[in-house]
1. Where a Cα-Cα gap under 18 Å defines reach, which aspartates and glutamates qualify for Lys197, not counting those fewer than 8 residues away within the same chain?
2. Let me have the 222 nm mean residue ellipticity of the chain computed from DSSP H runs of 4+ only, each contributing -39500 (n - 2.57), with the sum over all residues rounded to the nearest 500.
3. What residues have an amide H closer than 5 Å to that of Ser245, excluding those fewer than 5 places away on the same chain, when H is modeled at 1.01 Å from N in the peptide plane?
4. How long are the semi-axes of the equivalent ellipsoid of segment 74-213, defined as square roots of 5 times the Cα gyration tensor eigenvalues? Whole Å, largest first.
5. Show the residues, 5+ positions off or on another chain, whose built amide H is closer than 5 Å to the amide H of Ile106.
6. Which percent of Cα-Cα pairs in the chain sits in each 5 Å bin, short to long?
7. Taking amide H positions as placed in the peptide plane 1.01 Å from N, state which residues far from Leu178 in sequence (5 or more) or on other chains have amide H under 5 Å from it.
8. Looking at the chain, what % of its DSSP beta bridges pair antiparallel, to the nearest 5?
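The values are calculated or read from the model by the stated rules, or taken from the named source; none is laboratory data. Note that the coordinates shown come from a computational prediction; the quantities given were computed from them, not determined experimentally. Please note: Cβ atoms are built from the backbone with ideal geometry, for glycine as well, and neighbour counts cover all protein chains shown. Just the protein is used for accessible areas: all its heavy atoms, side chains included, with ligands, DNA and RNA removed. Shrake-Rupley method; radii C 1.70, N 1.55, O 1.52, S 1.80 Å.
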Amino acid sequence: MLEHEIEYVKMAETESKLWWYQNLHQLVIDKIVKLSRGNREVRILDAACGTGGLMLKLKVLGYNNVQGFDLSEHAISFCKGKNLKVERLNLKDVLELKNGPKFDIIVCNDALYFLSFEEKQKFLADINTIIAPNGYFMANEPALNMFRGTHDQCVGVATRVDKDMVHKTVAGSAFKILRITFWPFFLFPVIYLVRLKQRLMIKRGYFKNAEMVSDVSMPNPIINWVLFFITRLENIILPSKPLGSSLFWIAQHKDK
């Protein structure tokens, strides 16, 4: 995705309104509020922050100790346009932050797919050096190959995960998983059918003569609201969901 400026433009244009981004950000914010017990002075790092939508929402809510990093110059440009504290950094080089203050919460949404299994394990070992004792790491990752589609190819999703893969990644690290759940659940049949159609189009060579783009786009406002409401409702009434196109998990640093 680094070289696909159009995808960052789409992200910047939709992440404050699109039902999926709204629910992902609210899911993260709800957990931050709960884990920090409402303390808005906690230090938060958004690793691979994209165009800064989550950071901006946290800033508006009064979380002033928020910073982020991303490898894309396009993403950094959008973030700086929002007056956010960001720097250009690779997930693989997070150790460069080790001399600064420790973070209470580290968030990484839909970026770990850039890393191999071994690189993910190293990343967890690296953030162990920048996270506060008993601090929290939370991540959202694309889940299950049945949901592969044009989005995967456009943003560079190499591997979709399942719960077992996440547990294997965390095993042996300085973290313990507190929560892991798929989402969205109620909408998974629709998402599956859309992605199935995309895979068939790719297989039949449809995109040889047409530009492939991700499916990040704003639907009709009413449809967008309905999708937001359905997903928000399930995240409230179903803390744990058995299936979905994303996997959200939280781990806590094990203080020795």
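1. Filter leaves Asp152, Glu211, Asp215.
2. Numbers: 9 runs with 102 residues, N = 256.
Mean residue ellipticity, 222 nm, calculated: -12000 deg cm²/dmol.
3. It is Trp183, by chain and number.
4. On the way: eigenvalues 194, 81, 37 Å².
Each semi-axis is √(5λ); the values are 31, 20, 14 Å.
5. Residues meeting the amide H criterion: Leu45, Tyr136, Phe137, Met138.
6. Using 5 Å bins, I get a P(r) of 1, 6, 13, 18, 20, 19, 13, 6, 3, 1, 0, 0 for the chain.
7. Ile250, Ala251, Gln252
8. Details: 15 of 32 bridges.
So the antiparallel bridges in the chain amount to around 45 percent.
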